[in-house]
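Notes to accompany the following structure.
The values are calculated or read from the model by the stated rules, or taken from the named source; none is laboratory data. Keep in mind that what you see is a predicted model, and the values were worked out from it rather than measured. Cβ coordinates were reconstructed from backbone atoms using ideal geometry, including for glycine residues, and neighbour counts include every protein chain displayed. For the accessible areas, the whole protein counts, side chains as well, though only heavy atoms, and no ligand, DNA or RNA atoms are used. Shrake-Rupley method; radii C 1.70, N 1.55, O 1.52, S 1.80 Å.
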Amino acid sequence: VKMKKYSKYLKTWNRYLDLKEMALKEDLKFYFMNPCEKYRARRQIPWKLALQILKILMVTTQLVFFGLSNQLVVSFKEENTVAFKHLFLKGYSGTDEDDYSCSIYTQQDAYDSIFYVINQYRNLKNISLGTLGYEHEESGLKICKQQYKRGTMLPSNDTLNIDVSTETGTVLLYLKCLFVYISVIFKYLCALFQISRLIQVEISFKLKGIALQTIHARELPDCYAFQNTITFNNRAHSGKIKVYFDSDTDIQECKDWHIFNSVLQKNTQYILVFDGFVILSCLASLILCTRSIVLAWRLQKRFVNFFLEKHKRRVCYADRLEFLNGWYVLVIISDVMTIIGSILKMEIKAKNLTSYDVCSILLGTSTLFVWVGVIRYLGYFQTYNVLILTMQASLPKVLRFCCCAGMIYLGYTFCGWIVLGPYHEKFEDLNTVAECLFSLVNGDDMFATFAQIQEKSSLVWMFSRLYLYSFISLFIYMILSLFIALITDSYDTIKVKHLFSVTLLFNQARLNCLCFLVYWMV
């Protein structure tokens, strides 16, 4: 009796497991279907697909509008920087010399250049063409000097007696003093600076301006604060003082403005409403993708528990990761960045914030992710799936190969920096060396790199030839060819599998046709 009850219970349990297995198979099969197959199977409308297409159009349109607005900001900054260089740098030619703006070679030019900055600042309102002004009525110039404490140098006798400790001093020249005591200030500064011991002179001042060009684009204007710094660098004491100009721009909220034109206000309101719709669409996409990830996690848990109950085995970690859809994660990250960036854009448009850089990074990266996410839907078609499959197959091998090639690349980078740095401008610092070598790998600027090496040392010149020829030969003819071969090998493998699957489908279709003809004839 007990055996009959046990066998009956066992049959019931097996029937339950079979039903559970069938239900699980159906859910697994439905989960791994594409949107078209899901619609044909259960008439489930692909809301996520439609929403992603709508979101692409809206996010791209939003980015274009913000890019046009940001372009006005960038052009205003750059044009003001060029104007400042022409206004405050004496003898500025219009083009920078290497990484500095201009250079000075005589003591008189050094004094004249410093006084020129002061005089131009004093007469700014009379000479400037832009909408510029001082920070406030009590503003002025700050002049900081740095020089050695004392020292005497007699190069003709090879004699040097110097105290290398430095002394610094700062002078504040207020605007009111510049208008009244300008001649006294010139005499004081002449006595203050001693060129033979001078290391550096830094002149800093702050100006304000208003960008009126945004009105022509039907946008509210911005107020800007320019922190300008002019540095006279004499650290080398080589007979050449390098003059650097740096301008840090800060966009500020205009405190009191009245614009008598309703078109600007209406245009701003329309854009704010459009940004609101973008936020709502991204929020809906975020909810749908999060829901899909939660359902996939529950399905994965059911699969693991069933496998443990029936086969007494644990599912490996790689198989469990198949339930995590990386495209959904990418869409969620994109939606979060778009929502935050849209909120910042709305605040910028309403002139409550000025974080253009943060907003542009968020919107630009989110738009990139949105367009990359579309590849997922193209991957459902076999004719468009080759790129994704090739990338998936070749990525592990390419990463391992890049690690090995990167070691050789770093070795050449450090070697070129330490040996060729004093003789070639492209090898002066590590960042420039890495960029130069990467350009050489891609076949760019080869002859100029060979030709610009200085021939002051025959040994270094011979080493540079050996260095460049070996690097170009190794990376272009061997490493780059192997890199392409890895990707080509993965592509050929995917192509063979694709042709094999197409052939099987064709043979199956042909077999079905033959069976149908035989059945019809019988």
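Here are the numbers for this structure:
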read-out: One residue from LYS301, LYS345 being at pLDDT 80 or above, more than 21 Å from LEU51 (Cβ to Cβ) and either surrounded by fewer than 16 Cβ atoms within 10 Å (Cβ to Cβ) or not hydroxyl-bearing (Ser, Thr, Tyr) (or both); value: LYS301
read-out: Any chance SER464 is in contact with a helix residue (DSSP H, G or I) (Cβ under 8 Å, 6 or more places away or on another chain) and under 30 Å from LEU378 (Cβ atoms); value: no
read-out: Hits in the stretch 82-111 (condition: more than 17 Å from ARG235 (Cβ to Cβ) and touching a helix residue (DSSP H, G or I) at 6+ places or on another chain (Cβ under 8 Å)); value: LEU87, PHE88, LEU89, LYS90, GLY91, TYR92, GLY94, TYR111
read-out: Enumeration of residues in the stretch 414-433 that are of a type in the set (A, V, I, L, M) and under 15 Å from ALA451 (Cα atoms); value: LEU420
read-out: Residue satisfying all of: in the stretch 125-137; open to solvent by 100 Å² or more (accessible area, probe 1.4 Å) and either without any contact (Cβ under 8 Å) to a residue 24 or more places away in the chain or touching a strand residue (DSSP E or B) at 6+ places or on another chain (Cβ under 7 Å) (or both); nearest to ASN228 (Cα to Cα) among these; value: LYS125
read-out: Residue check for PHE450: at pLDDT 80 or above and under 29 Å from the mean Cα position of the chain (by Cα); value: no
read-out: So LYS85, is it among the basic types (Lys, Arg), over 22 Å from ASP335 (Cα atoms), modelled with pLDDT of 85 or more and assigned to a helix (DSSP H, G or I); value: yes
read-out: Number of positions in the stretch 234-246 that are touching a residue at least 40 places away in the same chain (Cβ under 8 Å) and closer than 18 Å to ILE118 by Cα; value: 3
read-out: Count - residues of the stretch 55-99 that are of a type in the set (S, T, N, Q), farther than 19 Å from TYR224 by Cβ and open to solvent by 30 Å² or more (accessible area, probe 1.4 Å); value: 4
read-out: Given (1) β-branched (Val, Ile, Thr); (2) at pLDDT 85 or above; (3) under 29 Å from SER285 (Cα atoms), number of the condition THR390 does not satisfy; value: (2)
read-out: Among residues of the stretch 323-351, those that are over 18 Å from GLY373 (Cα atoms) and not hydrophobic (A, V, I, L, M, F, W, C), counted; value: 6
read-out: Test for LEU288: is it in a helix (DSSP H, G or I), more than 30 Å from LEU24 (Cβ to Cβ) and in contact (Cβ under 8 Å) with a residue 24 or more places away in the chain; value: no
read-out: Number of the condition not met by LEU353 [criteria: (1) open to solvent by 60 Å² or more (accessible area, probe 1.4 Å); (2) part of a helix (DSSP H, G or I)]; value: (2)
read-out: Any hit, the stretch 45-64, residues being among the basic types (Lys, Arg) and either on the phi > 0 side of the Ramachandran plot or not in a loop (DSSP other than H, G, I, E, B) (or both); value: yes
read-out: Some residue of the stretch 208-222 being part of a helix (DSSP H, G or I), touching a helix residue (DSSP H, G or I) at 6+ places or on another chain (Cβ under 8 Å), open to solvent by 40 Å² or more (accessible area, probe 1.4 Å) and at pLDDT below 85; value: yes
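This table checks each residue for (1) out of contact with any Ser or Thr (no Cβ under 9 Å at 6 or more places or on another chain); (2) without any contact (Cβ under 8 Å) to a residue 24 or more places away in the chain; (3) surrounded by 12 or more Cβ atoms within 10 Å (Cβ to Cβ).
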site	(1), (2), (3)
VAL386	yes, no, yes
TYR409	yes, no, yes
TYR412	no, no, yes
LYS426	no, no, yes
VAL433	no, yes, yes
SER439	no, yes, yes
ASP444	yes, yes, no
ALA448	yes, yes, no
MET462	yes, yes, no
